[in-house]
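Here the structure is laid out as structure tokens; the discussion comes afterwards.
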Amino acid sequence: MRLIFMGPPGAGKGTQANFVAQRYGIPAISTGDIFRANVTRGTELGLEAQRFMDAGEYVPDAVTNLMVRNRIDEPDAEPGFLLDGYPRTLAQVEELDGMIAFTGHALDAVVSLTVDSDEIVERLLQRAQLEGRADDTEDVIRRRQELYAEQTAPLIEVYRDRGLLIEVDGMGEVDDVTGRILAALEPIPES
Ligand code: ADP
């Protein structure tokens with residue numbers, strides 16, 4: 001199963017991605033988590049990514065694409081994967097198409113979580129208190145939302161045109177949202 005999860009910052013992608021990936025026995029690959037792990041370890045990639053992340057900007061495509069390519073090449077991703085936070089730009093969509101085509105597989109579905117924008121800012125500010133993420137300040141949240149609307153939201157139409165899009169209401173209890181996603185994915189045959 002090869003899945004993409006999309007949704008604005010704070011839509012609950014990460015939480016849902018982990019549940020759904022576990023259900024399908026595939027790794028949930030979160031580009032945000034990989035970047036943060038690299039920042040913590042102080043790797044070269046972390047140093048490169050940090051200044052963009054702290055400002056709420058996207059890390060340059062070349063850096064992000066290479067990181068995803070390497071991650072998808074790991075043996076645990078051979079049966080499939082769930083991407084959380086990638087692709088975020090049209091250039092990343094094209095790059096991912098190439099990566100998947102190279103493996104002889106195809107994308108099975110793109111899950112788009114829809115949420116109410118007021119609710120999102122609330123959630124993100126709450127998360128800021130709980131996790132202390134450096135990029136969860138109000139200004140940076142606003143910038144991430146702006147970039148999402150400009151650069152990432154248009155990808156929803158790209159995948160809709162390909163007949164891969166599944167829109168799921170992301171509001172409400174975590175378990176209910178998981179249930180909706182799993183129900184929506186059930187009829188999808190694996191390629
Ligand atoms: P959120 O979805 O809440 O904005 P993430 O944890 O997915 O947060 O990402 C955090 C940051 O990591 C982003 O603001 C961006 O700087 C960087 N990042 C993550 N994924 C990508 C990507 N596909 N392309 C460019 N930058 C990315």
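The values are calculated or read from the model by the stated rules, or taken from the named source; none is laboratory data. All values reported here derive from a predicted model rather than from experimental measurement. Here the Cβ positions follow ideal geometry from the backbone for every residue, glycine too, while neighbour counts run over all protein chains shown. SASA here: full protein model, heavy atoms, side chains in, ligands and nucleic acids out. Shrake-Rupley method; radii C 1.70, N 1.55, O 1.52, S 1.80 Å.
Could you list, in sequence order, all residues of the stretch 123-133 that are among the charged types (D, E, K, R) and assigned to a helix (DSSP H, G or I)? Selection gives R123, R127, E131. Applying the criterion of being free of Cβ contacts under 8 Å to residues at least 12 places away in the same chain and open to solvent by less than 60 Å² (accessible area, probe 1.4 Å) to the residues of the stretch 94-107, the residue that is farthest from T152 (Cα to Cα) is G98.
Summed over the stretch 16-43, the residues that are away from the ligand (no atom under 11 Å from the Cβ) and among the β-branched types (V, I, T) give a count of 4.
Which of the numbered conditions does R69 fail, given that it passes all the others? Conditions: (1) under 22 Å from L164 (Cβ atoms); (2) of a type in the set (K, R); (3) within 8 Å of the ligand (Cβ to nearest atom). Against the list (1) under 22 Å from L164 (Cβ atoms); (2) of a type in the set (K, R); (3) within 8 Å of the ligand (Cβ to nearest atom), R69 comes up short only on (3). Could you tell me which residue of the stretch 10-26 is nearest to R88 (Cα to Cα), considering only residues that are modelled with pLDDT of 90 or more and open to solvent by less than 20 Å² (accessible area, probe 1.4 Å)? Per the criteria, the residue is A17.
Scanning the stretch 143-158 for residues that are surrounded by 13 or more Cβ atoms within 10 Å (Cβ to Cβ) and not polar (S, T, N, Q) yields R143, R144, L147, Y148, A153, L155, I156, V158. Going by the conditions given, is I120 farther than 22 Å from L185 by Cβ and modelled with pLDDT of 80 or more? Yes; evaluated as a whole, the condition is true for this residue.
For the stretch 28-37, does any single residue satisfy the condition of being of a type in the set (V, I, T), out of contact with any Phe, Trp or Tyr (no Cβ under 7 Å at 6 or more places or on another chain) and under 20 Å from H105 (Cα atoms)?
No - not one qualifying residue is present in the stretch 28-37.
Of the candidates V140, V110, V121, V115, the single residue that is closer than 18 Å to P9 by Cβ, more than 10 Å from the ligand (Cβ to nearest atom), in contact with a Gly (Cβ under 6 Å, 6 or more places away or on another chain) and open to solvent by less than 60 Å² (accessible area, probe 1.4 Å) is V115.
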